[in-house]
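Novice: Input: one structure, supplied below.
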Amino acid sequence: MGMKTLIVDDEFNVRYVIRQLGQWESNGITELLEARNGVEAKNIIQKEKPEIILTDVKMPGMNGIEMIEWLDSISYPGKIIFITGFDDYSFMRKAIKHNSFDYLLKPIEAEPFNHTLAEAVKSWANEETDRKYKEAGVYDDVKRLRLNQMVTEVCLGEYFDPTEIASSLPTADEFDLTLISFYQMHHSAPYIQLLAEELEHQEWGNAFELQNDHSLCLVMTVKGIWLSVEEWISQQFDIPVRLVEGESLKSLEGLPISYKALQLKLEDQQFRAIHRLNDLDNACRMRNIVQYVETYYMEELNLEKLSSRFFLSREHISRKFKQETGMTLSKYMTKLRIDQAKSRLRESDESILSISLMLGYQDEKYFSKLFKKTTGFTPFEYRNDIKKQQTGGF
């Protein structure tokens with residue numbers, strides 16, 4: 001959809017010059033409107049709602065300043081550019097106070113005029129995107145998702161601009177870092193959002209849901225107020241969480257290193273618990289763990305990871321997993337991977353290397369040895385044997 005521009009000036013030749021100078025089409029402006037004074041302009045604005053308004057200051061009936069005061073009073077979203085024949089400081093101060101976008105001095109020159117026009121169009125378009133998000137009720141969600149993605153990228157060691165993260169935090173010389181680990185089967189997102197909103201409201205800091213692992217939340221708080229935050233969590237959260245506290249952070253550039261230290265502490269079981277899992281019996285939890293392994297067996301899973309996610313000790317998981325499945329975690333994962341490999345070898349023409357990589361084995365030779373040890377065939381022999389059976393031995 002095209003944009004509209006209104007030119008307001010009591011001199012015909014000024015309106016004519018502006019019409020001739022403007023690069024309208026390249027800026028997406030498809031309709032030019034004209035008014036000889038503020039009163040005419042007011043009627044056109046109410047009816048046509050132009051995105052850009054170019055207006056003179058001195059006009060009969062309702063001058064430019066009165067018009068912009070009216071536009072300000074109704075929170076008009078369009079961009080107003082003043083065209084003035086006098087460079088008067090007190091006037092400009094008034095114009096700035098009432099949100100005029102910019103001003104141009106007469107006689108108007110093509111280059112500065114089109115530069116200002118392009119900037120005004122760009123500014124209006126950016127604000128319009130924000131307005132649409134807000135109206136749709138998703139603006140805050142989009143902003144929050146972007147923040148979570150950015151902090152996740154930082155934690156994974158990617159390049160980042162510290163000022164972007166600083167804009168989501170209160171001003172402070174130092175921040176305390178805390179990693180919150182949620183129980184795998186619980187939906188952590190609503191709790192993280194609740195915590196983030198409280199931290200922002202109190203100007204204590206912020207909380208970020210890590211996009212590569214939704215059971216983890218990184219919390220950054222102004223140094224020295226963590227106890228108040230923890231008290232709030234213990235009152236507001238009705239699910240168990242584990243807290244891992246890190247060193248205080250003097251500069252946001254140190255965030256990736258500090259996060260890695262928190263991760264290692266979590267893996268090493270250096271955490272404190274808020275609420276315990278007394279409502280879930282062990283049998284139920286073990287079923288959850290087996291189900292989780294059956295879903296993610298192609299990834300790097302170990303007892304440490306399962307312990308962090310399911311709030312049980314490594315020893316307990318190891319013992320109970322064998323009771324539940326009849327084999328150790330590593331043997332069970334190997335069985336699942338070999339079963340998947342058999343299925344792929346039977347039903348697809350994928351290369352053995354491709355199947356090996358998909359199952360998490362970087363070394364094709366190692367995979368082939370493991371496959372033979374389990375099935376008695378190499379992957380190549382297994383595939384050929386299946387093909388022979390399918391073609392009746394020919």
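The values are calculated or read from the model by the stated rules, or taken from the named source; none is laboratory data. Small disclaimer: the values here were computed from a predicted structure and weren't measured. Here Cβ is always computed from backbone atoms with ideal geometry, including for glycine, and neighbour counts include all displayed protein chains. Side chains included, ligands, DNA and RNA excluded: accessible areas come from the protein's heavy atoms. Shrake-Rupley method; radii C 1.70, N 1.55, O 1.52, S 1.80 Å.
Novice: Give segment 194-224 a look and list any residue that's in a helix (DSSP H, G or I) and more than 17 Å from the chain's Cα centre (by Cα), or say none.
Specialist: 198, 199, 201, 202
Novice: Would you be able to say whether some residue in segment 132-139 is over 22 Å from residue 268 (Cβ atoms), of a type in the set (Asp, Glu), over 16 Å from the mean Cα position of the chain (by Cα) and modelled with pLDDT of 90 or more?
Specialist: Within segment 132-139 (the criterion being over 22 Å from residue 268 (Cβ atoms), of a type in the set (Asp, Glu), over 16 Å from the mean Cα position of the chain (by Cα) and modelled with pLDDT of 90 or more), the answer is no, since none of the residues qualifies.
Novice: Of all residues in segment 54-72, count the ones that are open to solvent by 30 Å² or more (accessible area, probe 1.4 Å) and not in a loop (DSSP other than H, G, I, E, B).
Specialist: Result for segment 54-72: 4.
Novice: Scan segment 234-247 residue by residue and report those that are closer than 14 Å to residue 179 by Cβ, out of contact with any Cys (no Cβ under 9 Å at 6 or more places or on another chain) and surrounded by 15 or more Cβ atoms within 10 Å (Cβ to Cβ).
Specialist: Those that are closer than 14 Å to residue 179 by Cβ, out of contact with any Cys (no Cβ under 9 Å at 6 or more places or on another chain) and surrounded by 15 or more Cβ atoms within 10 Å (Cβ to Cβ): 242, 243, 244, 245, 246.
Novice: Of the residues in segment 367-379, how many are in contact with a Ser or Thr (Cβ under 8 Å, 6 or more places away or on another chain) and farther than 9 Å from residue 338 by Cβ?
Specialist: Within segment 367-379, residues that are in contact with a Ser or Thr (Cβ under 8 Å, 6 or more places away or on another chain) and farther than 9 Å from residue 338 by Cβ number 5.
Novice: How many residues does segment 177-193 contain that are under 26 Å from residue 268 (Cα atoms) and either part of a helix (DSSP H, G or I) or at pLDDT 95 or above (or both)?
Specialist: 7
Novice: Okay, moving on. Any idea how many residues of segment 156-213 are under 23 Å from residue 299 (Cα atoms), among the aromatic types (Phe, Trp, Tyr) and open to solvent by 30 Å² or more (accessible area, probe 1.4 Å)?
Specialist: Of the residues in that region, 0 qualify.
Novice: On the basis of being in contact with a Leu (Cβ under 9 Å, 6 or more places away or on another chain), open to solvent by 50 Å² or more (accessible area, probe 1.4 Å) and in a loop (DSSP other than H, G, I, E, B), does residue 263 make the cut?
Specialist: On the way: in contact with a Leu (Cβ under 9 Å, 6 or more places away or on another chain): yes; open to solvent by 50 Å² or more (accessible area, probe 1.4 Å): yes; in a loop (DSSP other than H, G, I, E, B): no.
Taking the combined requirement at face value, the residue does not satisfy it.
Novice: Does residue 221 meet the test of being touching an Asp or Glu at 6+ places or on another chain (Cβ under 6 Å), within 29 Å of residue 304 (Cβ to Cβ), open to solvent by less than 40 Å² (accessible area, probe 1.4 Å) and of a type outside the set (Phe, Trp, Tyr)?
Specialist: So residue 221 passes the test.
Novice: Then there is this: Sort out which residues of segment 81-111 are part of a helix (DSSP H, G or I), at pLDDT 65 or above and open to solvent by 60 Å² or more (accessible area, probe 1.4 Å), and write them in order of number. Explain how you work it out, then say what you get.
Specialist: Taking segment 81-111 and keeping what is part of a helix (DSSP H, G or I), we get 89-97, 110-111.
Subsequent filtering for residues that are at pLDDT 65 or above retains 110-111.
The answer is 111, and nothing else.
Novice: Only helices (runs of 4 or more DSSP H) wholly contained in segment 300-388 count here; list those with 1 or more residues that are more than 18 Å from residue 290 (Cβ to Cβ). Write out each step before concluding.
Specialist: Details: elements: 303-310, 314-325, 329-347, 352-358, 364-375.
Once the helices (runs of 4 or more DSSP H) in segment 300-388 are filtered for at least 1 residues that are more than 18 Å from residue 290 (Cβ to Cβ), what remains is 329-347, 352-358, 364-375.
Novice: Inspect segment 31-52 for any residue being under 16 Å from residue 103 (Cβ atoms), of a type in the set (A, V, I, L, M, F, W, C) and either touching a residue at least 12 places away in the same chain (Cβ under 8 Å) or part of a helix (DSSP H, G or I) (or both) and give the result as yes or no.
Specialist: Yes; the residues of segment 31-52 include at least one that is under 16 Å from residue 103 (Cβ atoms), of a type in the set (A, V, I, L, M, F, W, C) and either touching a residue at least 12 places away in the same chain (Cβ under 8 Å) or part of a helix (DSSP H, G or I) (or both).
Novice: Among residues belonging to segment 266-298 that are modelled with pLDDT under 90 and among the charged types (D, E, K, R), point out the one that is surrounded by the most Cβ atoms within 10 Å (Cβ to Cβ).
Specialist: 285
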